[in-house]
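Worksheet for the structure shown next.
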Amino acid sequence: KPQNERQRLPVVPQGIERDDFVKALGELGEQLGAEHVEVNDKPLRDGWYMEHPNTHDMMTILDEEEFVASAIVYPGSTEEVQQVVNWANKHRIPVFPISMGRNLGYGGAAPRVRGSVTVDLGRRMNKILDINAEDYTCLVEPGVTFYALYEALKERGLDEHMWIDTPDIGGGSVIGNTVDRGVGYTPYGDHWACHSGLEVVLPTGELIRTGMGALPGNNTWQTFPYGFGPYSDGIFSQSNFGIVIKMGMTLMPNPGGHESFMYTFPNEEDLAPLMEIIRPLRISNILENAAQVRHVTQHIAVRGLPRSTFYSGPGPVPASTIHAAAAQTPVGDHTWAYYGMAYGPPHIRSHKLTLIDSEFKRIPGAKRIDPSTLPADEYFWSRDRIARGVPDIHELRWVNWASNGAHIAFSPVSPIRGRDASKLFALGRRLHDRYGLDFFPAFIVGLREMHLIVEIVFDRADPERKAAALSCLRDLVEEAAREGYGEYRTHLVLMDQVAGTYAWNDGALMKFNQRLKDALDPNGILAPGRCGIWPKRYRGRGWEM
Ligand code: ADP
């Protein structure tokens, strides 16, 4: 794409004249400072993960101009966030809050409604307000990334005392990831479950604190998440009911030792018996962190070489080619790799590791890989860092698989059961074959459930490949739902479809969400359409996709 010109005229929000919009932005500039209000009229540059744009989805699967902001504003305080919200209500302009905007694979920084004003909270509201080494908690603003929190512990000499939990890629914000219900790989990996207390600007401009934060003078906001009365935090995750400007997060005490381990299993068919072995071990916490069971295709892709190194024919790279490439790596001629970590001092670890070893070896041919044989740049060590709360970006390397590589995920939830794993695996394989796509399945075992994460990597400069990826995703969502599987999180483009699969009792849950939306956001200004929730002004008027 030409990098020096816009293919379409810079967008203004729907329902307002261009001149009136410019005037309204000027008004906001007087409140925030003109330098904190930016019109999105420059060429859209994709950058890369660490220098990502906040104007659009840099990994777009539609035309780049579809999910695009009209302007970006940078509030620097609670009052300024409230001013933005009041301004949006006055002019009926949709605003879309982001913390960092590195939510790649789910929409990045892009708004759901074309022409929304993006509220980039992270740029100026990026303070760590508190780290409490006695309670093992912290309080952060939207711009605090996993890297920043990790560095802050180090600077304060607390990194041996306590750990953070980081997702696979550490450049996102603690708040953005947590409100989108992202996960990490220490025992504190369920970020939403580990947060305690929110401060939220409501769509009408009021300010609330949840949990113990509502009690003036409390000293338990970050230690007791519930407070008194309905637990309202839930409605601020995967929603469009409020702008989170502070969040409490719990931190993990250093367990006194840690040790990563890796096993490989020879055959695709080993998946089902392996899941049966994992379930009781994980639920009883012998396996202590979210497990990763990764397919050999992704193991090859994460080495960072483009698929053209291995194969230039049509359709997916043949299995024999993948296995030939894997033969040179620690996975050898095997198909699945399990990554996990044991925590605690040596005698505690050895009890668990011995059990795990004998259980995993019930799969014929299962092999434990000795970490001391693995070179420093092996992916294993990235998993090792992440499982002890050290942020990393090695995982991004599989994006190189396609030229102009972009990715988008299908992530259904299922019980930890062999038959579910096999069913989802077969479904994914069949639909990827239908569209000629390489299949990258990884099973992430939470506690009592697992998410299958399938990343589709596509060339974002190739309209035909983008269309194939999107059609594949749409079929995956639909066919999985027919079998009773739903996504745990999704990209902007699939939000209506995924929300539509949660349709029990004539869509009663969505009706409830819409009622909340209309009560909390009567003018429908906050992130319309996010997670399939459309305010009254938009509903049934052609916005759903
Ligand atoms: P990351 O911090 O991982 O880069 P984002 O900032 O892109 O993630 O956030 C992911 C999504 O969560 C956003 O698209 C937005 O819809 C929502 N979100 C992020 N931060 C907030 C916030 N502070 N308040 C409300 N919603 C938010």
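The values are calculated or read from the model by the stated rules, or taken from the named source; none is laboratory data. Everything numeric here is computed off the predicted structure, so don't read it as measured data. Don't worry about glycine lacking a Cβ; one is built from the backbone with ideal geometry, like all the others, and counts go over all protein chains shown. When the accessible area is computed, the model is the full protein with side chains, heavy atoms only, and any ligands, DNA or RNA have been set aside. Shrake-Rupley method; radii C 1.70, N 1.55, O 1.52, S 1.80 Å.
With both partners inside the stretch 18-120, how many of the DSSP beta bridges are antiparallel, as a percent to the nearest 5?
Among the beta bridges of the stretch 18-120, antiparallel pairing accounts for roughly 40 percent.
With every protein chain left in place, what is the accessible area per residue of the chain in square angstrom, probe 1.4 Å?
39
Sorted by mean Cβ packing within 10 Å, highest first, what order do the peptides 26-37, 232-243, 463-474, 310-321 take?
232-243, 463-474, 26-37, 310-321
Check cross-link reach from Lys361 to the lysines: straight Cα distance under 25 Å, and skip same-chain residues fewer than eight apart.
Once the sequence-local lysines are set aside, what remains near Lys361 is Lys352, Lys423.
So which aspartates and glutamates can Lys367 reach, going by Cα to Cα under 13 Å and dropping same-chain residues fewer than 8 places off?
The qualifying aspartates and glutamates are Asp270, Asp333, Asp357, Glu359.
Lys90: which lysines have alpha carbons under 26 Å from its alpha carbon, excluding same-chain residues fewer than 8 sequence positions away?
Result set, ordered by chain and number: Lys23, Lys246, Lys517, Lys536.
Take each of the peptides 51-63, 286-298, average the number of other beta-carbon atoms within 10 Å over its residues, and list them starting from the highest.
Top to bottom by mean Cβ count within 10 Å: 286-298, 51-63.
Quick check on the chain: helices-only [θ] at 222 nm, where DSSP H runs of length 4 and up contribute -39,500 (n - 2.57) each and the sum goes over total residues. Nearest 500, please.
Value at 222 nm, helices only: -9000 deg cm²/dmol.
What is the percent carbon and sulfur in the accessible area of the chain, measuring with a 1.4 Å probe over the protein chains and ignoring ligands?
53
Looking at the chain only, what percent of DSSP beta bridges run antiparallel? Nearest 5 please.
90
How big is the chain on each of its three principal axes, counting only the C-alpha atoms and giving the largest first in Å?
Here the Cα extents, ordered largest to smallest, are 69, 58, 47 Å.
What is the packing order of peptides 263-275, 500-512, 110-122, 9-21, taking the mean over residues of other C-beta atoms within 10 Å and listing the highest first?
Highest mean packing first, the order is 110-122, 263-275, 9-21, 500-512.
Determine the dipole magnitude for the stretch 313-433: charges of +1 sit on the beta-carbon of Lys and Arg, -1 on that of Asp and Glu, nothing else is charged, the reference point is the Cα centre, and the result goes in debye to the nearest 20.
460
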